[in-house]
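Inspection log for the structure reproduced underneath, given as structure tokens.
Throughout, read-outs are computed from the coordinates displayed, never taken from laboratory work. What you see is a predicted model, and the numbers here were worked out from it, not measured in a lab. Note that each Cβ is placed from the backbone with ideal geometry, even for glycine, and that neighbours are counted across all protein chains shown.
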Amino acid sequence: MNQPHPKLTYQQMYREYFGFFCGPTHPLFGRENLTMEDLRDESLVSFDTDQLSGQLRPVALLRVQQNVGRRITAISPHLEEVRRIIVNGLGIGPLPIHVVQRDVKDGILWRLPPYDDPPAIDIYLVWNPRTPLNRAETEFLAALRQRIDETPEEERNFSPNPNPLQR
């Protein structure tokens, strides 16, 4: 959420961190000790919300500040599509680190800089308090909110570096 709508209610569910990744056929795959400078001339694959006014604003800010992603190869709203395009070597791109941890371990994706302090994205449960809900919807919303409230924040946030040995 970049800018909250005043008529909606928001409750943070969790925080995830985004890293840049490339696929096995990409020239940066397997290279260690890369810097943001190494990413400057690479083609970018990303989400349609990777904009300064979008939900992935922290990712967009990093790209603009570091001058990464000047040549956009593909954009999609779907995580699996962005992942597939990156895996197939059409460019580097941002993905949630915890989501692709297995792909990195399996050698399908390679983590690129920044290795420290990656962009954080907060994910929210959003509802309109003025919308009448049926009983099932009311119970479902209440159960979600209770689960969020009962889970400590540190357990609802993913690690920015789930496997620091392989970046």
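The table below gives the values:
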{"quantity": "Full-extension gain in nm, ASP149 to ASP48, via 0.36 nm per residue minus C-alpha separation", "calculated": "33.3 nm"}
{"quantity": "Contact order relative to length of the chain, as percent, for alpha carbon pairs under 8 angstrom and 6 or more apart", "calculated": "39 percent"}
{"quantity": "In sequence order, calculated HN-Hα J values of region 116-127 (Karplus, 6.51, -1.76, 1.60; Hz; x Gly/Pro)", "calculated": "10, 6, x, x, 9, 10, 8, 10, 10, 8, 10, 8"}
{"quantity": "Listed candidates (i) 51; (ii) 44; (iii) 36 - label of the one calculated as percent of Cα pairs over 23 Å apart", "calculated": "(ii)"}
{"quantity": "J(HN,Hα) series, region 72-89, from Karplus relation 6.51 cos²θ - 1.76 cosθ + 1.60, nearest Hz, glycine and proline x", "calculated": "8, 8, 7, 9, 8, x, 9, 4, 5, 5, 4, 4, 4, 5, 5, 4, 7, x"}
{"quantity": "Segment ALA142-HIS5, extension gain: residue separation times 0.36 nm, minus the distance between their alpha carbons", "calculated": "47.2 nm"}
{"quantity": "Cut-off under 5 Å, modelled amide H: who pairs with SER76 long-range", "calculated": "SER46, PHE47, ASP48"}
{"quantity": "Fraction of beta bridges assigned by DSSP in region 16-123 that are antiparallel (%, nearest 5)", "calculated": "60 percent"}
{"quantity": "Distance in nm between pseudo-label sites at LEU61 and SER159 (7 Å out along the Cβ direction from Cα)", "calculated": "2.5 nm"}
